[in-house]
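The values are calculated or read from the model by the stated rules, or taken from the named source; none is laboratory data. Nothing here was measured: the structure is a model prediction, and the numbers come from that model. Positions of Cβ are generated from backbone atoms using ideal geometry, with glycine treated the same way; all protein chains shown enter the neighbour counts.
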Amino acid sequence: MSSKQLREKFFDFFRERGHTIVPSSSLIPDDPSVLLTTAGMQQFKPYYTGQADPMVSSHPTLSGKSLGSYNTASIQKCFRTSDIDEVGDERHLTFFEMMGNFSFGGYFKREAIAYAYDFLKNVLGLEIDYVTVFDPAKVPEGDWRKHGVPFDEESYGLWKEIGMPESKIRREGIDNFWGPTGKEGPCGPTTEIYIEGIEVWNIVFNQFYCDKDAKLTPLKIQGVDTGMGLERLAMVSQGVPTIFDADLFTVPFGRLLSTPGGADIRSRSNRILFDHLRGSIFLLADGVRPSNKEAGYVLRRVIRRLLVHSKKLFIPQKSVIEAINNVIKFYEDFYSELKDNQQVILREFEREANKFALTLEKGLKEFDKRYPGAKTQRVIPGRPLQSFIVGQRVGKDAFDLYQSCGFPVEVIKELLEERLYQFDENEFRAKVAEEFERHREISRAGQERKFGGHGLLLDTGELKAVDEEELKIVTRLHTATHLTQAALRKVLGERLHQAGSDITAERMRFDFTFDRKLTPEELQQVVDWVNEVIRRDVPMEYKEMPYEEAIHTGALYFEKEKYPPMVKVYRAYDPQTGEVFSKELCGGPHVTHTGELGKFKILKEEAVGAGVRRLRAVVQ
């Protein structure tokens, strides 16, 4: 059964059972707690938490419409990097499509299990090997799920009722508890369905809300959230040995498979190339651009990694470009944004490929020179004589390839391990952290950095200043951002968190998580609170400590920031009363006393995206 037929049968099945079919959301999520869309339920998260009413949807594609009987179905494009090291085996991917059915306070375990069984068994004609259910007895000691969640006796009984033999109903631990997505959110026990030894369908029963401290509270609206990978379903329904043998790969990449050096679909390099190229196309179509930050950095990593593997396979760039066009043609009927953005996708991909080509050749030559891999003979009983390379552990000395050649760490690791060097990731990461801190110190000291024809006295990414006068202004504004976040949390609640910031000599810009426009009264309370801390002229002091210790002190931190092992915790603190006004992980620079700020004023408050607001402010 083709992937197109699987899509049609899935939607027909759930449409007939009263589900509203919802298009895939973007790979760039509205949820600020995650970098990319990693699950089908992400676009529906507000309905599980009660932040949105499913009866009159505020969903961007369903605005003003009822979601039927609280039930929806979708095929969501997803991107995860958690399994990137496993990509190349028979079943792991970064980009994948997640088929799912969802209920927000409608049906629950009985219907969800029955639907899954009916679709797989009676519609697709597949045999289920076994299923799993959650059992806290299988959870390791010390895990927060050990004593907070009971055995899922209901799911166990429902599978028996359907006719599943007890020998095929397995009790599992943490693998059968899903969520939350990001730092907090809906979560609950799951039941998983296995076919030919592969997990095909995961059915999540959202019963709890998990906060950032792993505290569980029952959800007011219980829900069903299921996920079935289209690639895995295509594999088992088409009777092929791996996901890469299914039509989702063999059709769009058929021409590449006939390229010299690329004829083996079971080649690890081929699989990495196919997965990463497909994922890059979808990221580019959704507006992600290669960069050194956030989603752009993920895209840059996968493009550069696939280019290394295409070079190893002797596949010319023109063949890779042809494959991009073939992927777009294969998917455009279901994802029209690919066709709409085809020229942009090609332009941005070629731009990044050409940029990397300048260092790729040089980097591979440097690698060959550094790690020639002297060989030795080793006898293994029962096996032919083989050659092995005896190499030292490699860590910080591989940092040059990362820094000067732009090789992603996954590529460095692969190249080393191919020659049987032992890659010391801890040592490598320590070197990265050391360099990171060194550059921050350079910025703090105000040493001039030249780039793009413009000289900046300070550029940390967040703070920018041209001269000493601007440096004084952005320093005051930087301290003001700390007080602003503290004030917002005082006025609006501590669930609010930073979502980004940018500071120039003209203004500070502070983004934060919140789901509505602030009232004039709330804005005035924020202004008054900050100005009161300024009036009291309390010291702004810092203490250096290990990162983990800093987190345990309750200091705020920006979740998207990568922190070094040792960090500074800045706080605005009144030594006379003991009152702490703000406390955050930060590298500086800051004023020494809050009185240096002058007067704080908010210029504008606006929406950035769903669930994220933005303040623009100045100090005078």
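Laid out as a table, the results:
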quantity: Cross-chain or 6+ apart pairs with Cβ under 7 Å, region 142-155 first and in the same structural domain as Gly188 (by TED's automatic domain parsing), then among the charged types (D, E, K, R) and assigned to a helix (DSSP H, G or I); calculated: Glu154/Lys109; Ser155/Lys109
quantity: Qualifying residue in region 592-606 (condition: more than 21 Å from Arg476 (Cβ to Cβ) and assigned to a strand (DSSP E or B)); calculated: yes
quantity: Residues that are more than 30 Å from the chain's Cα centre (by Cα) and in contact (Cβ under 8 Å) with a residue 60 or more places away in the chain, drawn from region 508-529; calculated: Leu523, Val526, Val527
quantity: Those residues of region 2-24 which are buried (at least 16 other Cβ atoms within 10 Å of the Cβ) and either β-branched (Val, Ile, Thr) or in contact with a Phe, Trp or Tyr (Cβ under 6 Å, 6 or more places away or on another chain) (or both), in sequence order; calculated: Phe13, Thr20, Val22
quantity: Residue list for region 331-348, filter: among the polar types (S, T, N, Q), exposed (fewer than 14 other Cβ atoms within 10 Å of the Cβ) and over 14 Å from Ser26 (Cα atoms); calculated: Gln343
quantity: Cβ pairs under 8 Å, 6+ apart, first in region 554-570 and at pLDDT below 75, second in a strand (DSSP E or B) and among the acidic types (Asp, Glu); calculated: none
quantity: Those residues of region 278-300 which are outside any helix (DSSP H, G or I) and of a type in the set (Asp, Glu), in sequence order; calculated: Asp286
quantity: Residue within region 27-36 that is surrounded by fewer than 19 Cβ atoms within 10 Å (Cβ to Cβ) and modelled with pLDDT of 85 or more present; calculated: yes
quantity: Members of region 173-198 that are over 30 Å from Leu496 (Cα atoms), surrounded by 17 or more Cβ atoms within 10 Å (Cβ to Cβ) and among the charged types (D, E, K, R); calculated: Glu192
quantity: Given (1) more than 24 Å from Asp12 (Cα to Cα); (2) surrounded by 21 or more Cβ atoms within 10 Å (Cβ to Cβ); (3) at pLDDT below 75, number of the condition Gly50 does not satisfy; calculated: (2)
quantity: Some residue of region 575-590 being within 24 Å of Lys431 (Cα to Cα), in a strand (DSSP E or B) and touching a helix residue (DSSP H, G or I) at 6+ places or on another chain (Cβ under 8 Å); calculated: yes
quantity: Residue within region 139-154 that is surrounded by 20 or more Cβ atoms within 10 Å (Cβ to Cβ), within 28 Å of Gly239 (Cα to Cα) and more than 27 Å from the chain's Cα centre (by Cα) present; calculated: no
quantity: Those residues of region 311-325 which are touching a Gly at 6+ places or on another chain (Cβ under 9 Å) and either at pLDDT below 90 or assigned to a loop (DSSP other than H, G, I, E, B) (or both), in sequence order; calculated: Lys312, Leu313, Phe314, Ile315
quantity: Strands (runs of 3 or more DSSP E) wholly inside region 161-231 that include at least 3 residues being closer than 23 Å to Glu141 by Cβ and touching a residue at least 24 places away in the same chain (Cβ under 8 Å); calculated: 169-172, 185-195
quantity: Test: Trp159 is crowded, with 21+ Cβ neighbours inside 10 Å, closer than 26 Å to Met235 by Cα, of a type in the set (Phe, Trp, Tyr) and at pLDDT 95 or above; calculated: yes
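Per-residue answers, yes or no, for (1) basic (Lys, Arg); (2) more than 16 Å from Arg614 (Cα to Cα); (3) in contact with a strand residue (DSSP E or B) (Cβ under 8 Å, 6 or more places away or on another chain); (4) assigned to a loop (DSSP other than H, G, I, E, B):
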site: Leu496; (1), (2), (3), (4): no, no, yes, yes
site: Ser501; (1), (2), (3), (4): no, no, yes, no
site: Ala505; (1), (2), (3), (4): no, yes, yes, yes
site: Phe510; (1), (2), (3), (4): no, no, yes, no
site: Val527; (1), (2), (3), (4): no, no, yes, no
site: Glu544; (1), (2), (3), (4): no, yes, yes, no
site: Ala550; (1), (2), (3), (4): no, yes, yes, no
site: Pro564; (1), (2), (3), (4): no, yes, no, yes
site: Arg571; (1), (2), (3), (4): yes, yes, yes, no
